Every structure is written in structure tokens, then in C-alpha cells.
Amino acid sequence: MNSCQRAAFGAAILAAALAAGGCDKKSDGNTGAGTETSPFIATAVALRTEGLRSERAFTMLADLVQPVGPRLPGSPAAAAAVEHMRRVMDGLGFETWLEPTTVQHWVRGEETAEMVDAAGRVVGSLTVSSLGGSVPTPESGVLAPLIEVDSFDRLDALDSSARGAVVFFNRPMNPALIDTFRAYGESAVFRSGGPSRAARCGAVAALIRSVNPRIDDFPHTGLVEYDPAETRIPAAAVSTADAERLSARLKENPGLRVRLKMTCADLEPVVSANVIGQIRGSDKPDEIVLIGGHLDSWDLAVGAHDDGAGCVQAVEALRLIQACGLKPRRTIRAVMFMNEEFGASGGRDYAADLRRKTERHVAAMESDRGGFLPLYFTIGGPPSIRRKYIAHDRAFRSLGLSGIRAGGGGSDIGPIVQQGAVPMGFIPNAQTYFELHHSGLDTLDKVHPRELELGAIVLALGAYIVSEEGF
Ligand SMILES: [Zn+2]
């Protein structure tokens with residue numbers, strides 16, 4: 001279909017949705033919390049119809065992750081992903097370009113861990129994964145007594161016993177919290193900050209229980225954030241099953257030691273890129289509504305949920321807007337940020353780029369919570385903005401959402417939000433997200449095409465409403 005046919009087809013969908021009574025409460029499945037009728041309900045139905053019939057977001061995700069593989073910043077695969085997504089957006093007829101960002105290029109190498117008893121016998125191996133950015137062990141490895149703690153307070157209360165030891169942070173995620181991101185945050189601090197805290201106590205290496213609510217054999221990696229004031233010690237995540245086993249063995253045998261070998265390395269930094277595509281606004285082209293995700297991933301799997309999902313949802317949102325024949329007043333821009341996992345340089349460089357001087361970012365939406373079923377739409381900034389947009393509650397409800405709540409944000413859009421963009425977005429059902437996050441389980445088969453598509457439809461509707469209404 002050429003662009004004229006597409007526009008005509010889109011207009012036909014919109015007309016059909018209107019004729020079919022897309023704004024009718026009963027036929028549309030609205031649960032009816034809002035009392036106002038949004039002029040965007042028909043748009044929502046048109047976007048929903050096109051999206052759910054085609055499920056193109058999933059096709060795009062498969063086309064990205066299957067040939068390219070894991071997209072660790074600085075890797076050849078990340079460079080291939082940049083070119084691939086640019087080609088995809090070019091092919092859809094969007095205005096497309098790259099903006100440079102320099103990234104750390106860390107490579108994993110080999111990694112082994114063994115339990116060793118007081119007599120020097122190996123009594124079991126452990127499934128580990130070096131933390132991103134970790135220094136390697138010496139070539140012969142580290143062999144040291146093990147000290148287990150479940151908090152920084154416990155670590156700080158130790159006498160000199162951590163000196164020369166491997167500190168093992170064994171803090172399970174709290175299963176009682178309904179907000180899995182909060183539970184993640186409470187345990188992930190040991191991964192990001194634990195190694196330097198252990199080094200301060202004289203430890204020679206750190207092992208961290210994977211931040212995973214399930215007991216299984218998959219280690220979950222993530223970035224270690226070294227404190228420049230402390231010695232950099234090697235750090236690895238151990239699978240939750242092996243964390244349990246290690247803890248039990250240590251109770252039976254307080255003299256247990258661990259031998260850790262890691263050959264990871266930091267290579268020269270690499271100039272990579274954020275990938276950008278947009279539909280130019282017909283009325284206020286310099287006012288930008290940003291939607292996006294991050295294109296890089298960890299190296300243990302293809303990052304289908306984290307964050308291939310967010311990238312293809314942003315591109316699919318643009319495609320849906322185009323396919324429905326919508327002509328946004330403000331520019332709607334999809335940004336696939338690079339390097340979120342290794343310090344978010346892509347988000348910072350995007351906000352600092354000189355091109356931003358002539359633009360005003362009205363709103364920014366980042367999808368980086370997994371490609372799961374969207375639950376509700378979020379709007380940040382002053383409450384007056386949410387009060388204005390609550391008029392469109394029914395439009396969001398027609399996509400199966402439970403409405404609009406306060407919230408929004410993300411690490412890549414943080415810098416542009418600081419410059420005045422209103423953070424917006426959607427919250428998906430992330431109850432199972434941390435079972436696969438940053439692990440070998442984050443694969444395409446874990447993503448449901450319909451759930452993924454609904455996220456793209458929500459982004460398309462949110463971005464289009466802001467492009468029409470502004471603030
Ligand atoms: Zn992510």
C-alpha cells in the first residue's frame with residue numbers, strides 16, 4: 001500500500017469505527033468511571049482496530065531480536081540493531097536519523113564459581129553471571145572464605161571478618177509487595193552498590209543473589225556501580241537456586257570457601273547512536289511528543305521484554321497513527337535510546353544535543369517495564385495537567401485500561417523531563433517481569449503479541465491526544 005492508499009484506508013477505519021458506534025458505552029466495553037465523553041474515543045477504537053487486527057509490534061520485535069541477538073552496548077549486534085531500526089522506520093516513510101552517543105564497551109568472557117571445603121576439595125559448582133562493568137579476577141581466580149549478609153547494616157556490623165573474604169549478599173526479593181518494581185529496587189541496591197560496600201570492609205570479591213523472585217538456575221545480571229573511593233573488586237550474580245544451596249552449605253560448614261574466576265574486560269568506548277523517527281506536526285512541528293524505549297539489552301538473552309518491546313511499541317505507535325490517517329498537530333517522535341543498561345548515556349546525550357535548542361518537548365513517554373498487558377495510563381507533572389486530561393479517561397478505558405493515574409517517567413527520558421517535558425506513559429502488569437529481567441529467560445517466546453500490541457496502541461493514543469491538545 002502506498003501512503004495515499006494507507007491514508008484512505010486509515011480514514012475508512014476511522015469512519016467505520018464512528019459508524020459502528022465506537023463511542024457507545026455498551027458496545028465498547030467501557031466500565032464507565034469518567035462521566036465525560038472524550039472526542040478521542042473514536043480515535044481509540046480506530047487505533048485498537050488496526051493494531052489488534054495486525055499485531056505488527058510482535059512482527060517487528062521478531063525481526064529485531066531473531067537476526068540481531070543480544071544488543072550489549074558497544075557490541076557489533078547493537079550496531080546492527082541501530083541500522084536495522086533505522087531501516088524499518090525509513091521503510092515506513094518516517095523522517096529518520098541517528099544521533100551519536102558514546103558507550104562503555106564491556107565484554108563478559110568466561111566465568112566459573114566453585115564451593116571449596118577446608119581440605120581444599122571442590123564440593124559443588126555455582127551458576128554465576130558477572131555483573132556488567134565488573135573487573136575480572138586474577139587469572140588464577142580468587143579463593144577466599146565466604147561471608148553471608150542480608151543487609152548493609154549486617155555488613156557494617158561485622159568485625160574484620162570480611163577482610164580477604166568473598167561477601168555474599170543474600171537478600172531475596174520481598175514477595176509481599178504488589179509493586180514488583182519496588183521489590184526489585186529494594187534488592188537491586190545490593191547488586192549496584194554492594195561490591196563497593198564490601199570492598200570498603202576489605203572483601204576481595206562479591207557474590208549477589210540474583211534479583212529474581214523465583215528459585216531457579218538462571219543468574220540475573222545488571223550494572224555494578226563502583227564507588228570511585230573504593231577498590232574495584234570482581235562481582236557476580238549467583239542464581240537463586242544456588243544462593244539457597246550456598247547459604248545452606250555455609251551453615252553446615254562455616255569454613256566453606258568460594259573460588260571465583262572471571263575474565264570479563266572493559267574495551268575501548270564505542271560511538272553508538274540513538275535511533276529516531278518522527279511524524280512531523282502539521283501545526284506546531286517544533287513541539288515534540290516523545291515516545292520511546294531503549295535499544296540496548298543485556299547479553300544473556302535477546303532482551304525481548306527489556307527493552308525490545310518498548311522500541312517496537314514506539315515504532316508501531318507511529319505506524320498506527322499513520323495507518324489510521326491521523327495528522328498530528330504536534331510532532332510525534334519515536335526515540336530508541338542506546339546504552340540505558342550501562343549508565344543511560346543515550347538519554348543524557350539526546351537531551352543535551354544542540355538540536356533540542358530549537359524544540360520544545362511537551363511530553364515524554366517511555367515503555368521500559370516489559371511488553372505486558374497495559375493496566376492504566378499515567379500522567380506526571382502538576383495535578384492541573386491530569387485534571388485536564390481526565391476528560392479523556394473513557395478513551396483510555398476503551399482500550400481495556402482502568403483509567404488515568406498520577407505517574408510516568410523512565411531513566412532515558414529523565415533528562416528531557418528535567419528540561420520541562422511532562423512524563424506520561426502506561427503501567428503494564430509486571431507481576432512476572434523480574435523472573436526474566438536481565439537473565440537468559442528474556443526471550444521472544446515470553447512476549448504475547450496481543451499484550452505487546454495493546455501497549456503500542458496506548459502509546460499511539462496518548463501521544464496523539466497530547467499532539468492535539470498540548471498543555
Ligand atoms: Zn530496560
Of G420, G409, the only residue that is surrounded by fewer than 18 Cβ atoms within 10 Å (Cβ to Cβ), more than 28 Å from T49 (Cβ to Cβ) and within 15 Å of the ligand (Cβ to nearest atom) is G409
When (1) over 25 Å from R348 (Cα atoms); (2) free of Cβ contacts under 8 Å to residues at least 60 places away in the same chain; (3) charged (D, E, K, R) are applied to R87, the one that fails is (1)
Requested in this report: Restrict the check to region 375-395 and report whether at least one residue is touching a helix residue (DSSP H, G or I) at 6+ places or on another chain (Cβ under 9 Å), among the aromatic types (F, W, Y) and without any contact (Cβ under 8 Å) to a residue 60 or more places away in the chain.
Outcome: yes
Selection from region 44-62 of residues more than 17 Å from V88 (Cβ to Cβ) and acidic (D, E) yields E50
So, A80, is that one over 25 Å from R280 (Cβ atoms), in the same structural domain as V447 (by TED's automatic domain parsing) and over 19 Å from the mean Cα position of the chain (by Cα) or not? yes
Among strands (runs of 3 or more DSSP E) entirely within region 108-210, at least 2 residues that are farther than 17 Å from V224 by Cα occur in 111-116, 122-126, 142-149
Per the filter on region 395-452, residues among the charged types (D, E, K, R) and in contact with a Phe, Trp or Tyr (Cβ under 9 Å, 6 or more places away or on another chain) are R405, D412, E435, D442, R450, E451
Inset, instruction - Determine whether V315 is within 16 Å of the ligand (Cβ to nearest atom), aliphatic (A, V, I, L, M), in the same structural domain as G410 (by TED's automatic domain parsing) and under 30 Å from E435 (Cα atoms). - result: no
Is it fair to say D442 is within 14 Å of the chain's Cα centre (by Cα), among the acidic types (D, E) and in the same structural domain as D296 (by TED's automatic domain parsing)? yes
Sole miss for N429 among (1) touching a residue at least 60 places away in the same chain (Cβ under 8 Å); (2) surrounded by fewer than 23 Cβ atoms within 10 Å (Cβ to Cβ) is condition (1)
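For region 55-76, which residues satisfy the criterion of being touching a residue at least 12 places away in the same chain (Cβ under 8 Å) and farther than 30 Å from E268 by Cα?
Result: E55, R56, A57, F58, M60, A62.
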| query | Restricting attention to region 31-41, does a residue exist that is buried (at least 20 other Cβ atoms within 10 Å of the Cβ), over 26 Å from the mean Cα position of the chain (by Cα), under 30 Å from G325 (Cα atoms) and modelled with pLDDT of 95 or more? | reply | yes
Expected output for region 98-118 (first residue among the small types (G, A, S), partner at pLDDT below 95 and not in a strand (DSSP E or B), Cβ below 7 Å, 6+ apart or cross-chain) is A118/G255
Residue hits (region 434-451; farther than 10 Å from A301 by Cα, away from the ligand (no atom under 13 Å from the Cβ) and among the hydrophobic types (A, V, I, L, M, F, W, C)) are V447
Condition check for G371: within 16 Å of the ligand (Cβ to nearest atom), part of a loop (DSSP other than H, G, I, E, B) and touching a Leu at 6+ places or on another chain (Cβ under 7 Å): yes
- prompt: Scanning for something assigned to a strand (DSSP E or B) and either on the phi < 0 side of the Ramachandran plot or in contact with an Asp or Glu (Cβ under 6 Å, 6 or more places away or on another chain) (or both), does region 336-354 turn up at least one residue?
  reply: yes
Residue hits (region 251-306; in contact (Cβ under 8 Å) with a residue 60 or more places away in the chain, outside any strand (DSSP E or B) and away from the ligand (no atom under 16 Å from the Cβ)) are N253, G255, L256, T263, C264, R280, G281
Practice task
Return a yes/no flag: does region 392-401 have any residue that is under 20 Å from the mean Cα position of the chain (by Cα) and over 25 Å from A176 (Cα atoms).
Solution key: no
Within region 318-348, residues surrounded by fewer than 24 Cβ atoms within 10 Å (Cβ to Cβ) and within 12 Å of the ligand (Cβ to nearest atom) come out as F342, A344
Condition set of a type in the set (S, T, Y) and outside any helix (DSSP H, G or I), scope region 374-393, selection nearest to the ligand (Cβ to nearest atom): answer is T378
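The values are calculated or read from the model by the stated rules, or taken from the named source; none is laboratory data. Bear in mind that the values here come from a model prediction, so they are computed numbers and not experimental data. Cβ coordinates were reconstructed from backbone atoms using ideal geometry, including for glycine residues, and neighbour counts include every protein chain displayed.
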